[in-house]
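Below is one structure, written out as structure tokens; the observations come after it.
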Amino acid sequence: MTAIARPGPTPRPRLRFTRVGPGSACSLNTMHDKILILDFGSQVTQLIARRVRESHVYCEIHPNDVSDAFIRDFAPKGIILSGSHASTYEAHDLRAPQAVWDLGVPVLGICYGMFTMVVQQGGQVEASAHREFGYAEVRAHGHTKLLQGIQDLSLIHI
């Protein structure tokens, strides 16, 4: 009988845990570029975060009513404003903190997040005769790095 040598189990690396907190040497403020997602109550906020993370970008979800100081201390490289259950045509107080606009970082508004961005920056949102859901056309103009690889006309489903 011939013995067959089988490799043993691969040793697992030992994990070392370090306490991370404000002011610590390992604070995330010094370790990663971060995206801040402000949640206005969307059903898809977790999906947005997952897609960001799948792109190997660190992000955190926080409620839309965090303080200006929190946003400044978080020091995001960009901010995503999620959607909401609220109607964009009703009066309410769901707004992004002023620090979102003062930081000078890119801001992406999705659904309600785009509405509050327009309103808070002095614009106006008006009702359309077209449906909000279904197929739509997106036209890309001025191909920057952000739009690189995007066709001039794309059909999307919203």
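Every read-out reported here was derived from the displayed coordinates using simple, explicitly stated rules and does not represent laboratory data. These numbers were taken from a predicted model, which means no experiment stands behind them. For neighbour counting, all protein chains shown are included, and Cβ atoms are generated from backbone atoms with ideal geometry for every residue, glycine included.
I need the shape label for segment 34-158. Rule: rounded when a/c is under 1.5, else prolate if a/b > b/c, else oblate, with a, b, c from the alpha carbon gyration tensor. Oblate shape, in that a/c is at least 1.5 and b/c is the bigger or equal ratio.
What does the net charge come to around Lys34 if you take all other residues with beta carbon closer than 12 Å to its beta carbon, with K and R at +1 and D and E at -1? It would help to have the intermediate numbers written out before the result.
On the way: positive: Arg53, Lys77; negative: Asp33, Glu60, Asp73.
Taking every other residue near Lys34 into account, the sum is -1.
Near the amide H of Cys59, within less than 5 Å, lie the amide hydrogens of Ile35, all on another chain or at least 5 residues away, with H placed in the peptide plane.
Shape call for segment 29-76 from the C-alpha gyration tensor, a ≥ b ≥ c root eigenvalues: rounded (a/c under 1.5), prolate (a/b greater than b/c) or oblate? The shape class here is oblate. Computed from backbone phi with θ = phi - 60° and the Karplus coefficients 6.51, -1.76 and 1.60, the 3J(HN,Hα) list for segment 121-129 is 9, x, x, 9, 10, 10, 5, 10, 7 Hz; x is used for glycine and proline.
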